[in-house]
Amino acid sequence: MFKKLLNIKLQWLDEAVYEEVQDALPKVECFASDVMKIKMEIESMKTVEEELKEDVRKASNELHTALTVVKVLILWKTYKSSGNTHEMVLIDEEGTRIHAQVEEDLMKKHLTVLKEGEAVSVNTFQLKDYLGEFRTNPYPL
């Protein structure tokens with residue numbers, strides 16, 4: 001008799017646990033669905049972040065197209081193991097100076113235009129940090 005009562009109580013317990021599990025399954029499935037959505041959003045954000053980083057990298061190395069009028073203050077040629085270049089200091093109408101460099105293969109094309117003391121229109125250029133040992137202006141350090 002004791003064994004029969006124990007079996008009945010265990011059966012009730014099993015049924016109660018089973019009912020609790022059945023009641024919880026939709027909630028667990030809902031949580032699983034929410035977690036999956038969040039994971040997809042995170043992956044999407046990671047993709048957007050990588051695209052933005054790539055855009056920043058491209059923009060920092062991209063050619064800038066703008067019509068800029070400058071005057072060539074000083075022009076000189078340098079001889080480097082990496083290749084010869086023509087260096088110059090340019091000044092704009094506000095008096096801001098910038099060091100400019102033209103690769104030798106491009107200089108042939110512009111040699112007649114770039115003369116000391118002459119004003120020129122520059123419309124295609126690339127901005128880079130100047131890491132040379134001789135600085136023609138104080139910024140940036």
Between Gln22 and Ser81, what is 0.36 nm times their sequence separation minus the Cα-Cα distance? Round to one decimal in nm.
13.5 nm
Distance (nanometres) between label positions extended 7 Å along Cα→Cβ at Ala119 and Glu49:
4.9
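Give me the 1.4 Å probe accessible area per residue for region 85-124, excluding ligands and nucleic acids, in Å². Intermediate results must be reported in sequence, preceding the final value.
Values: 2680 Å² over 40 residues.
For region 85-124, the solvent-accessible area averages 67 Å² per residue.
With r as the distance between the Cβ atoms of Ile74 and Ile42 and R0 = 41 Å, compute the FRET efficiency 1/(1 + (r/R0)^6) and round to 0.05. Walk me through the numbers before you get to the answer.
On the way: r = 54 Å, r/R0 = 1.32.
Here the calculated transfer efficiency is 0.15.
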Given a 1.4 Å probe and the protein chains all in place, what does the accessible area of Thr124 round to, in Å² to the nearest 10?
80
Heavy-atom accessible area order for Ile91, Ile42, largest first, 1.4 Å probe:
Ile42, Ile91
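The values are calculated or read from the model by the stated rules, or taken from the named source; none is laboratory data. Quick caveat: nothing in here was measured; it's all calculated off a predicted structure. All Cβ positions, even for glycine, are placed from backbone atoms using ideal geometry, and neighbour counts span all protein chains on display. We work out accessible area using only protein heavy atoms, side chains counted, and drop any ligands, DNA or RNA first. Shrake-Rupley method; radii C 1.70, N 1.55, O 1.52, S 1.80 Å.
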